[in-house]
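The values are calculated or read from the model by the stated rules, or taken from the named source; none is laboratory data. For clarity, every value in this text was computed on a predicted model and none was experimentally measured. Don't worry about glycine lacking a Cβ; one is built from the backbone with ideal geometry, like all the others, and counts go over all protein chains shown.
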Amino acid sequence: MSEPFEQIGYTGFMKAYCEYGGMLMNHGIELFGHRGASGHYPENTLSAFEAAKRSGADGIKFSVRMSKDHQLMVIHDESVNRTTNGSGIVRNMNYEELKKLDAGSWFNGEFSNETIMTLHQVAEWATQDGNRMRLNIELKNDSIDFVSLERAVLRLTRYYELENRVIISSFNPKSLMLVRALHPTIEIGYLVEGVPQNAVAKAKKIGASSIHCQEQFALSSEGQKTLAAGLSLRVYPVNDKSRIEPFYQAGVSAVMTDFPDDFVKEYSLLVQSKRAVQ
């Protein structure tokens, strides 16, 4: 292979690796920047997403919620207080108010030009030449029912022809069932906390293809039930790169991390070590 792993990402690496008869042809781990490369950049900003792309990560995971005037804003919290220089609840603020906020200085003054992104901006970025990253869009409607959020996200996804690169996730089963009713094939991930005993049944009812979970679920008997049911496991957020091998052994399909650069390098070393013992 002529290109380093960090440049071609996991998918490109594995394609080349499989051409050489690698032992991981039937199983690999995708790496997602959790809110971008949020360990080194302000979360959910263009800087964080660009850094995740440069790291060689396969995708990014971010949250979307609606503003007062029904714009799709990329922000994790209900309020802007933690990650901007403003204060207030996102759903009570309009687009113009939100876009005026500084979304970077809270992390470091050098990022003072960063603003809250919209899903339109992320989609524009994702469709630039050379950008093949997957987009895990978490619908932030588990505690607040945003009327038409699902429809708006799917409409935008179709418009930008990103349906094959998008994963829709949420903690809200009703929201995900609506997504499935509106779109029969888009990939859906059911988000859970802890180790719920009914996660597999709920995921199946939703029409999800994966369960997005914490480490304790992935490494439990419930994690094995998930795989036995034909669903994949994606783990969030993991910042200890030494966990890569246990996740690989457990059959985890994807890891979401604040430090994708570290994880890309660690996973590259793991793949090389597995190949060396063939």
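Checking the conditions here, which among 193, 222, 266, 215 is of a type in the set (Asp, Glu) and under 19 Å from residue 140 (Cα atoms)?
Working: 222 fails: under 19 Å from residue 140 (Cα atoms); 266 fails: under 19 Å from residue 140 (Cα atoms); 215 fails: under 19 Å from residue 140 (Cα atoms).
On inspection, the qualifying residue turns out to be 193.
Mind listing whichever residues of the range 167-199 are of a type in the set (Val, Ile, Thr), out of contact with any Phe, Trp or Tyr (no Cβ under 7 Å at 6 or more places or on another chain), in contact (Cβ under 8 Å) with a residue 24 or more places away in the chain and surrounded by fewer than 22 Cβ atoms within 10 Å (Cβ to Cβ)?
186
Which residues, taken from the range 90-104, are touching a residue at least 24 places away in the same chain (Cβ under 8 Å) and part of a loop (DSSP other than H, G, I, E, B)?
Selection gives 93, 94, 103, 104.
Can you tell me which of (1) out of contact with any helix residue (DSSP H, G or I) (no Cβ under 7 Å at 6 or more places or on another chain); (2) of a type in the set (Lys, Arg); (3) over 23 Å from residue 241 (Cβ atoms) is the one residue 54 doesn't meet?
(3)
What are the residue pairs meeting all of these: first residue in the range 32-51, first residue buried (at least 24 other Cβ atoms within 10 Å of the Cβ) and assigned to a helix (DSSP H, G or I), second residue among the basic types (Lys, Arg) and at pLDDT 95 or above, Cβ atoms under 7 Å, and 6 or more apart or on different chains?
48/35
Somewhere in the range 142-155, is a residue farther than 21 Å from residue 90 by Cβ and not acidic (Asp, Glu)?
no
Within the range 213-228, identify whether any single residue is among the small types (Gly, Ala, Ser), more than 30 Å from residue 274 (Cα to Cα) and either out of contact with any Gly (no Cβ under 8 Å at 6 or more places or on another chain) or surrounded by fewer than 22 Cβ atoms within 10 Å (Cβ to Cβ) (or both), and answer yes or no.
Looking for residues that are among the small types (Gly, Ala, Ser), more than 30 Å from residue 274 (Cα to Cα) and either out of contact with any Gly (no Cβ under 8 Å at 6 or more places or on another chain) or surrounded by fewer than 22 Cβ atoms within 10 Å (Cβ to Cβ) (or both), one finds none in the range 213-228, hence no.
Go through the range 56-71 and give me each residue that's surrounded by fewer than 24 Cβ atoms within 10 Å (Cβ to Cβ) and either on the phi > 0 side of the Ramachandran plot or among the small types (Gly, Ala, Ser) (or both).
Within the range 56-71, 63, 67, 70 qualify.
Determine whether residue 268 is within 30 Å of residue 40 (Cα to Cα) and in contact with a Ser or Thr (Cβ under 7 Å, 6 or more places away or on another chain).
no
Can you tell me which residues in the range 213-264 are farther than 27 Å from residue 53 by Cβ, in a loop (DSSP other than H, G, I, E, B) and among the polar types (S, T, N, Q)?
The one that is farther than 27 Å from residue 53 by Cβ, in a loop (DSSP other than H, G, I, E, B) and among the polar types (S, T, N, Q): 220.
Considering each residue of the range 183-200, count those that are over 9 Å from residue 213 (Cβ atoms) and charged (D, E, K, R), and give that number.
1
Across the range 105-116, what is the total count of residues that are within 16 Å of residue 82 (Cβ to Cβ) and either aliphatic (A, V, I, L, M) or in a loop (DSSP other than H, G, I, E, B) (or both)? Let's see the steps before the verdict.
Within the range 105-116, the subset within 16 Å of residue 82 (Cβ to Cβ) is 105-108, 111, 114-116.
Going one step further and asking which of them are either aliphatic (A, V, I, L, M) or in a loop (DSSP other than H, G, I, E, B) (or both), we end up with 105-108, 114-116.
The number of residues fulfilling the criteria is 7.
Taking the range 148-166, which residues are assigned to a loop (DSSP other than H, G, I, E, B) and either surrounded by 19 or more Cβ atoms within 10 Å (Cβ to Cβ) or without any contact (Cβ under 8 Å) to a residue 40 or more places away in the chain (or both)?
160, 161, 162
Sort out which residues of the range 86-110 are within 23 Å of residue 41 (Cα to Cα) and either basic (Lys, Arg) or touching a His at 6+ places or on another chain (Cβ under 8 Å) (or both), and write them in order of number.
Answer for the range 86-110, where residues must be within 23 Å of residue 41 (Cα to Cα) and either basic (Lys, Arg) or touching a His at 6+ places or on another chain (Cβ under 8 Å) (or both): 99, 100.
How many of the residues making up the range 72-96 are buried (at least 21 other Cβ atoms within 10 Å of the Cβ) and not hydrophobic (A, V, I, L, M, F, W, C)?
2
I need the full set of residues from the range 167-178 which are in a strand (DSSP E or B) and of a type outside the set (A, V, I, L, M, F, W, C), in order please.
169, 170
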